[in-house]
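See below for the structure under consideration.
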There are 2 protein chains.
Amino acid sequence: MHLDLTADAVTLTEQLVNIESVSRNEQAIADAVEAALRPLTHLTVSRHGNTVVARTHLGRGERVVLAGHLDTVPVNDNLPARREGDLLHGLGTCDMKAGDAVILRLAATVAEPNRDLTFILYEAEEIETEFNGLNLLSQSNPELMTADFAILMEPSDAVVEAGCQGTLRVDVRATGERAHSARSWRGVNAIHRAGDILDRLNAYEPRKPVIDGLEYHEGLNAVFIRGGVAGNVLPDECVVEVNHRFAPDRSEAEAEQFVRDFFDGYDVRLTDSAPGALPGLAVPAAKAFIDAVGGEVNPKFGWTDVARFSGLGVPAVNFGPGDPMLAHKQEEYVPIEHIERCERQLRDWLGADR
Amino acid sequence: MHLDLTADAVTLTEQLVNIESVSRNEQAIADAVEAALRPLTHLTVSRHGNTVVARTHLGRGERVVLAGHLDTVPVNDNLPARREGDLLHGLGTCDMKAGDAVILRLAATVAEPNRDLTFILYEAEEIETEFNGLNLLSQSNPELMTADFAILMEPSDAVVEAGCQGTLRVDVRATGERAHSARSWRGVNAIHRAGDILDRLNAYEPRKPVIDGLEYHEGLNAVFIRGGVAGNVLPDECVVEVNHRFAPDRSEAEAEQFVRDFFDGYDVRLTDSAPGALPGLAVPAAKAFIDAVGGEVNPKFGWTDVARFSGLGVPAVNFGPGDPMLAHKQEEYVPIEHIERCERQLRDWLGADR
């Protein structure tokens with residue numbers, strides 16, 4: 001499969017979409033990306049699994065990463081790409097091959113940017129962290145991710161979404177004593193006891209800290225509940241799985257402590273945790289970028305790979321074509337105007353002729 | 001396999017236990033029971049599936065049923081029967097072959113009781129109602145269950161347990177609206193809403209009506225709870241399965257209405273229902289029996305097949321050897337003294353020489 005980097009970004013998005021690349025099956029698309037970038041003499045290209053990195057070496061005062069993942073969620077009768085009016089439909093159009101196309105267009109056509117650039121097109125963002133190309137790169141070659149600023153081109157309605165909230169999950173366990181339900185006074189019903197856990201959740205008041213002028217919005221939600229032994233038995237255990245989304249002014253440890261305090265008196269087990277990322281809008285590279293794209297910035301509520309840059313000390317934002325609410329939906333699409341606008345604004349910011 | 005009805009009731013219990021008869025596999029034990037009863041000329045014997053009925057026809061002023069089920073729960077490394085000191089151990093010793101042995105001993109040895117007797121030894125009590133031999137008999141030959149009084153020889157610590165409480169199950173459903181847990185304010189968490197269902201359960205005050213001098217004790221308990229879509233999604237549904245045990249002064253319809261009122265505002269679906277049985281201690285046959293066995297009567301909290309007699313207008317009590325708390329336990333056993341006492345008290349009541 002061949003990618004034509006002289007085509008416009010919309011056509012290139014279509015080409016990328018039509019190379020099926022469900023997570024763990026990214027070899028064909030990574031081969032095509034590598035083959036398209038290798039001939040570009042202004043770039044140093046390296047390959048790491050199915051992750052491709054290309055870098056300029058112009059000795060500029062500042063280096064910026066532009067990154068996007070190449071994989072998609074499973075096919076759901078939504079391939080190949082289909083253009084209808086102002087929209088391009090199909091798996092990965094929104095999440096996030098339109099962003100990838102913009103990255104490849106810039107890599108191919110902006111040979112002398114006013115900032116040094118690192119382009120990262122990586123594998124396995126949609127699945128477990130252990131396979132995530134950016135995570136693997138941060139372990140094997142963190143120097144390739146080093147920069148003054150990073151832009152993750154995940155869909156964000158073509159507006160900057162800064163930082164991201166962290167996320168953790170805990171199992172909160174209520175316990176009791178089994179008894180036959182015909183003689184319930186001989187036992188203690190663990191499901192009834194879990195009522196207090198739900199009462200606490202209902203009384204939860206989310207923090208909404210303002211960081212770099214952006215208002216984040218935390219959350220504490222039961223995402224699963226389970227309990228029960230048999231239809232005639234008082235259960236001795238009820239487990240509420242709670243997901244906490246926390247603003248990036250709190251560390252994972254602080255967020256965990258908050259949850260443990262919140263459910264004081266219960267057995268609380270941490271099952272999953274990922275840190276947030278501070279917006280980092282104070283750094284000059286970030287400021288300049290935001291001015292260049294019109295000054296509008298929103299907080300990012302969901303967790304994204306920007307946190308991996310943040311973890312390396314690199315301020316990072318989300319900025320890409322497409323509505324994030326359409327990600328993972330069968331009917332996903334991207335507005336063509338988003339693709340064109342993102343490319344144009346980045347070109348301007350990089351000091352390129354259009 | 002041969003049953004020796006001239007042996008004492010303890011030996012007979014042992015013989016019955018050693019004929020394995022897990023529900024749906026009662027042919028061998030029913031054959032043995034039928035073969036043992038057929039030669040007894042004072043009885044009319046009939047067979048209905050693996051249920052055996054034997055009746056006297058002495059023209060007495062009163063008829064009494066003595067009934068027991070022949071099946072057991074699955075074998076759990078607890079066969080054959082094992083006698084240790086004052087206890088007989090093994091599957092079915094308590095639930096309820098000791099009771100069956102007493103029934104068979106009385107059938108064989110009390111040829112001229114002062115009341116006409118109907119002995120019913122039936123299949124499939126431990127499984128779904130559709131297989132239950134007493135249920136099938138109540139449909140095919142209800143005249144064989146007609147009597148002034150019935151004694152179900154389920155384990156009751158050799159003390160009369162009168163009537164039984166009814167039982168019903170409902171699914172109580174809380175609903176919400178799905179949303180990504182990173183933007184939880186866009187949805188409504190159905191698990192959180194179920195907190196109110198649990199609050200109501202925690203505030204429940206059981207009725208304890210006194211009927212025929214016996215204090216019953218109702219119950220309302222969540223036996224299962226389930227909800228959840230994915231680890232990052234606010235669930236739109238949470239279902240609490242609730243078991244209501246109701247005293248026999250309430251009909252199934254009244255009990256259902258109570259539960260619907262209790263969970264007013266929620267979607268409540270009835271999934272299972274069985275009526276209670278009034279103790280019926282006012283009828284002369286019941287009074288005489290209770291006096292004969294020492295006057296002690298306790299209410300029956302669990303549901304038993306006495307309700308099937310009650311449904312046919314026949315007052316019925318539970319009275320049998322063994323601790324009901326040991327039923328369905330691997331280590332079940334029956335005290336030999338219980339077997340002997342039950343047999344002796346029934347023989348006295350029936351006017352037989354010892």
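For this structure, a couple of remarks:
- Largest-first ordering by accessible area, 1.4 Å probe, given options A:300, A:208: A:208, A:300
- Solvent-free Debye calculation, one equal scatterer per alpha-carbon of region B:1-44: log10 I(q)/I(0) at 0.22, 0.34 Å⁻¹ equals -0.76, -1.19.
- Region A:187-192 - phi-based ³J(HN,Hα) in whole Hz, Karplus 6.51/-1.76/1.60, Gly and Pro as x: x, 10, 7, 5, 5, 4
- Derived scalar couplings ³J(HN,Hα) [region A:114-120; Karplus, 6.51 cos²θ - 1.76 cosθ + 1.60; whole Hz; x for Gly, Pro]: 6, 10, 5, 10, 10, 9, 10
- Summing both sides, the accessible surface hidden between A and B at a 1.4 Å probe radius is close to 3400 Å².
- Selection among B:342, B:138, B:180 by position relative to the dipole of chain B gives B:180 as farthest towards the positive end (Cβ unit charges, Cα centre).
- Where labels lie 7 Å past Cα in the beta-carbon direction, separation of residue A:283 and residue B:230 in nm: 3.1
- Inter-chain Cβ neighbour count for A:231-237, averaged per residue, equals 4 (cutoff 10 Å, partner chain atoms only).
- Residue-normalised accessible area of the protein assembly as shown, expressed per residue, 1.4 Å probe, Å²: 38
- Distances, shortest first, from the label point of residue B:47 to those at the same position in the other copies read 7.9 nm; the point lies 7 Å along Cα to C-beta.
- Cleavage-rule hits (GluC sites (Glu not before Pro)) in region A:223-304: DSSP loop, at most 15 neighbouring Cβ within 10 angstrom: A:296
- Rg over Rh for region B:79-161 works out to 1.00, both radii taken from alpha-carbon positions and Rh defined as the Kirkwood radius.
- Amide H contacts of residue A:48 (H built 1.01 Å from N, under 5 Å, at least 5 apart or other chain): A:53
- For region B:57-127 versus region B:143-171, the gap between their alpha-carbon centres in whole angstrom: 15
- Total formal charge among the other residues, if their Cβ is under 12 angstrom from that of residue A:168, Lys/Arg +1 and Asp/Glu -1: -2
- Karplus (6.51, -1.76, 1.60) ³J(HN,Hα), θ = phi - 60°, over region A:343-348, in Hz, Gly and Pro reported as x: 4, 4, 5, 5, 4, 4
- Other protein chain Cβ atoms within 10 Å, averaged over every residue that makes up A:196-202: 5
- Listed peptides B:338-344, B:269-275 by packing density, highest first (mean Cβ within 10 Å): B:338-344, B:269-275
- Centroid-to-centroid separation of region A:272-349 and region B:1-44 [C-alpha atoms, Å]: 80
- Cβ-placed point charges (K, R +1; D, E -1), dipole of region A:271-348 about Cα centre in debye, nearest 20: 280
- Peptide-level mean, for B:296-304, of C-beta atoms on other protein chains within 10 Å: 2
- Protein heavy-atom surface of region A:204-337, 1.4 angstrom probe: 48% of the accessible area is carbon and sulfur, with nucleic acids and ligands not counted.
- Teacher prompt: residue A:111 distances to equivalent labels in other copies, 7 Å Cα→Cβ, nm: 12.1
- Listed pairs A:97/A:329; B:97/B:300; B:208/B:287; B:97/B:208; A:287/A:329; A:208/A:329 exceeding 26 Å between Cα atoms: B:97/B:208; A:287/A:329; A:208/A:329
- For residue A:71, distant residues with modelled amide H under 5 Å away: A:124, A:125
- Normalised per residue, the volume of the convex hull around the Cα set of region B:11-93 (Å³): 114
- Label 7 Å beyond Cα on the Cβ vector: residue B:330 copy-to-copy distances, nm: 4.9
- About its Cα centre, region B:1-98 has a charge dipole of approximately 480 debye under the convention of +1 per Lys or Arg Cβ and -1 per Asp or Glu Cβ, with nothing else charged.
- Of A:330, A:352, A:314, farthest towards positive along the dipole that unit charges on Lys, Arg, Asp, Glu beta carbons give region A:282-354: A:314
- Protein heavy-atom surface of region A:8-162, 1.4 angstrom probe: 44% of the accessible area is carbon and sulfur, with nucleic acids and ligands not counted.
- Coarse-grained scattering of region B:222-325 at q = 0.10, 0.12, 0.16, 0.20 Å⁻¹, given as base-10 log I(q)/I(0) from a Debye sum over alpha-carbon atoms: -0.45, -0.59, -0.84, -1.09
- Computed FRET value (nearest 0.05) for residue B:31 with residue A:18, which takes r as the C-beta separation and R₀ as 45 Å: 0.05
- For chain A, the dipole from Cβ point charges (+1 on Lys and Arg, -1 on Asp and Glu) about the Cα centre works out to 540 debye, to the nearest 20.
- Residue A:153 - accessible surface, heavy atoms, 1.4 Å probe, Å² rounded to 10: 0
The values are calculated or read from the model by the stated rules, or taken from the named source; none is laboratory data. All figures in this text were calculated on a predicted structure; none of them were measured in a lab. Quick reminder, even Gly has a Cβ in these numbers, built from the backbone with ideal geometry, and neighbours come from all protein chains shown. Quick note on the areas: whole protein, heavy atoms, side chains included, nothing else; ligands and nucleic acids left out. Shrake-Rupley method; radii C 1.70, N 1.55, O 1.52, S 1.80 Å.
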